[in-house]
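Nothing in this text is a laboratory measurement; each read-out follows from the coordinates by a stated rule. Quick caveat: nothing in here was measured; it's all calculated off a predicted structure. Ideal geometry is used to build each Cβ from the backbone, glycine not excepted, and the neighbour counts take in all protein chains shown.
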Amino acid sequence: MNINSIEKINLDVYNEALKKWDSIAKPIDGMGRFETITAKIAAIQGSLDIKFDKKALIIMCADNGIVKEGISQSEQDVTLAVAKNMANKKSSACIMAKHAGIDIYPVDIGINSKEKIEGVIDKKIACGTKNFLEEPAMSKEEVSKAIETGIFLVQELKLKGYNIIATGEMGIGNTTTSSTLAAVLLKQSVENVTGKGAGLSDDKYSHKIEVIKKAIAKYDTDNMEAVELLRTFGGFDIAGLTGVFVGGALHHIPIVADGVISLIAALLAEKIAPGTKDYIIASHKGKEPAMAIILKELQLEAVIDANMALGEGTGAVMMINLLSMALGIYKNFNTFEEIKIEQYERYK
């Protein structure tokens, strides 16, 4: 599987989908960005007959060795507890996904526990990453396996008939991993891309900033490629989601990005496999300051602006629900001719 040969989306289908929106009895551009986003989905799928009948949410769950440095409000046992809650379909994202008709696929890609969780897909690479303040978070074999895991999960879902996939994650400490990666990938100051995660005190936040700065100073990041940066600072959840985004591009499935962790994975995917960003749908703007910068870098616009910071895929699930409603108009529309009024014209 050659991840360096991402096909371009079908721009002819994209333009035809926009023309179809113009033929619907409504003001021109009346559905705003939902028109261009659904046209993008048509272009990804290669058909004006957009398929939206099987929807999935992949939630990558993993622990991060950097938690040892006291950068989080919680300990690692919370990751396991929340993963079990996901298995019981009782987490926030799972409750929302049920209402939206989205099937949930929680994945243990690196929880710091040897316990097998019924209802969670076991793709464990290791019991958490290493502390990147002391040594690289992953080995070369581990980071490759994590990316491949995400790619093959998309392939499996494609074979099962899924036609859109949302991304989510769970892992204590993963806003620290994502902020570190954002700083080095975007060449931003640590302060510009680091938030308070699940709710740090000012003192804890200052400590988090210092830990990230020390870690970046330890490595020659200016001479590292994206995969090496991911190996050094990333979590298994980010690496797995990177594979999900690449898998979406390889298999022509739109992938809906959630918060800052999945957006970092999206950015890494684009750097590893250029062209991947054309297969990505942004969902929301969140509290983490890196999100706006990453969205701009990927030339993506988020629709939902609600100051969210929950994770798990909650924003992506909301976005799919909104897209479902927009597609209801796209698929079940009245034309101007049918309601006997003159069609609106598009003026340049």
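For the range 216-246, enumerate the residues that are assigned to a loop (DSSP other than H, G, I, E, B) and not hydroxyl-bearing (Ser, Thr, Tyr).
Passing the criteria: 220, 224, 225, 234, 235.
Please go through the range 284-299 and give me each residue that is buried (at least 19 other Cβ atoms within 10 Å of the Cβ) and farther than 19 Å from residue 195 by Cα, ordered by number.
Selection gives 298 alone.
Restricting the search to the range 60-97, which residues are among the hydroxyl-bearing types (Ser, Thr, Tyr) and outside any loop (DSSP other than H, G, I, E, B)?
79, 92
Can you tell me which residue within the range 98-127, out of those that are touching a residue at least 24 places away in the same chain (Cβ under 8 Å) and part of a helix (DSSP H, G or I), is surrounded by the fewest Cβ atoms within 10 Å (Cβ to Cβ)?
Residue satisfying both the conditions and the ranking: 99.
Being assigned to a helix (DSSP H, G or I) and of a type outside the set (A, V, I, L, M, F, W, C) is the filter here; which residues of the range 163-188 pass it?
174, 175, 176, 177, 178, 179, 180, listed by residue number.
Could you pull out the residue among 40, 8, 20 that is in a loop (DSSP other than H, G, I, E, B), basic (Lys, Arg), touching a residue at least 24 places away in the same chain (Cβ under 8 Å) and over 30 Å from residue 135 (Cα atoms)?
8
Filter the range 21-41 for residues that are crowded, with 18+ Cβ neighbours inside 10 Å and of a type outside the set (Val, Ile, Thr) and give the result.
21, 34, 35, 39, 40
Can you tell me which residue is surrounded by the most Cβ atoms within 10 Å (Cβ to Cβ) among those in the range 43-97 that are among the charged types (D, E, K, R) and within 29 Å of residue 327 (Cβ to Cβ)?
Going through the qualifying residues, I end up with 55.
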